[in-house]
1. Which one of these is farther than 30 Å from GLY183 by Cα, of a type in the set (D, E, K, R) and modelled with pLDDT of 85 or more: GLU110, GLU136, GLU144?
2. List the pairs whose first member sits in region 78-93 and is under 12 Å from TYR116 (Cα atoms), whose second member is not hydroxyl-bearing (Ser, Thr, Tyr), and whose Cβ atoms are under 7 Å apart, counting only residues at least 6 apart or on separate chains?
3. Looking only at region 75-107, filter to residues that are aliphatic (A, V, I, L, M) and in a loop (DSSP other than H, G, I, E, B); which one of those is modelled with the highest pLDDT?
4. Could you look through region 141-184, keep only residues that are within 31 Å of the chain's Cα centre (by Cα) and among the β-branched types (Val, Ile, Thr), and pick out the one that is surrounded by the fewest Cβ atoms within 10 Å (Cβ to Cβ)?
5. Just a yes or no: is a residue in region 97-117 in contact (Cβ under 8 Å) with a residue 24 or more places away in the chain, surrounded by 13 or more Cβ atoms within 10 Å (Cβ to Cβ) and either of a type in the set (Phe, Trp, Tyr) or touching a Lys or Arg at 6+ places or on another chain (Cβ under 6 Å) (or both)?
Amino acid sequence: MNTEPQATIANDEDHTTVATETTTPEVESQEAVEVSETDKLYIEVAELKDKYLRLYADFENFRRRTAKEKLDIISTANEDLMKAVLPVLDDFERAMGSFETVTEIEPLKEGVGLIYHKFSKTLEQKGLKPMLSKGESFDADLHESIAQFPAPSEDLKNKVIDEVEKGYLLNEKVIRYAKVVVGS
């Protein structure tokens with residue numbers, strides 16, 4: 001490196017300017033360090049941008065995958081229930097086939113009763129429970145009052161006198177409100 005002052009002469013029409021520049025090893029090393037620091041920052045920014053883009057792409061892939069899985073789950077959500085109900089459907093088909101050949105009604109009633117029992121047990125295994133409403137206190141979270149009648153006795157006031165349509169719970173969540181007659 002040259003440590004001697006260098007003179008630069010510039011002629012601009014009638015003006016002559018003489019400038020003296022001195023460069024020392026300290027100044028050059030500071031500039032090199034500054035350039036090096038700047039380069040490091042540019043490299044760090046580039047790495048962070050790359051990480052950000054990869055993370056964004058991963059998130060987009062995750063979002064698409066979960067949306068697809070959600071659609072798959074929705075489309076096959078009832079598969080387990082349907083598989084459980086198929087034997088009951090088979091029993092109904094056999095019963096309907098026997099309607100044409102059987103002349104006595106008692107075996108038919110018994111067969112349909114057995115199928116009903118099997119069907120209700122299958123639904124119960126899947127979490128469906130009927131509500132017990134008759135004689136219970138009226139609860140707007142469980143019951144839908146369709147009529148009010150004068151209570152036959154004082155203890156039946158604000159209680160369910162009759163159940164017109166049964167209510168059902170699925171895993172402790174109301175899926176159908178019981179339609180009831182309330183005593184007033």
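1. Numbers: GLU136 fails: farther than 30 Å from GLY183 by Cα; GLU144 fails: farther than 30 Å from GLY183 by Cα.
Step by step, each of GLU110, GLU136, GLU144 is checked, and only GLU110 is farther than 30 Å from GLY183 by Cα, of a type in the set (D, E, K, R) and modelled with pLDDT of 85 or more.
2. If the second residue must be not hydroxyl-bearing (Ser, Thr, Tyr), the pairs left are VAL88/ILE115; VAL88/LYS118; VAL88/PHE119; ASP91/ILE115; ASP91/LYS118; PHE92/ILE115.
3. Filtering first and then ranking leaves ILE105.
4. ILE175
5. Going through region 97-117, the residues in contact (Cβ under 8 Å) with a residue 24 or more places away in the chain turn out to be 115.
Adding the requirement that they be surrounded by 13 or more Cβ atoms within 10 Å (Cβ to Cβ) leaves 115.
From what's left, either of a type in the set (Phe, Trp, Tyr) or touching a Lys or Arg at 6+ places or on another chain (Cβ under 6 Å) (or both): none.
For region 97-117, residues in contact (Cβ under 8 Å) with a residue 24 or more places away in the chain, surrounded by 13 or more Cβ atoms within 10 Å (Cβ to Cβ) and either of a type in the set (Phe, Trp, Tyr) or touching a Lys or Arg at 6+ places or on another chain (Cβ under 6 Å) (or both): absent.
The values are calculated or read from the model by the stated rules, or taken from the named source; none is laboratory data. Everything numeric in this text was worked out from a predicted model, so none of it was measured. Ideal geometry is used to build each Cβ from the backbone, glycine not excepted, and the neighbour counts take in all protein chains shown.
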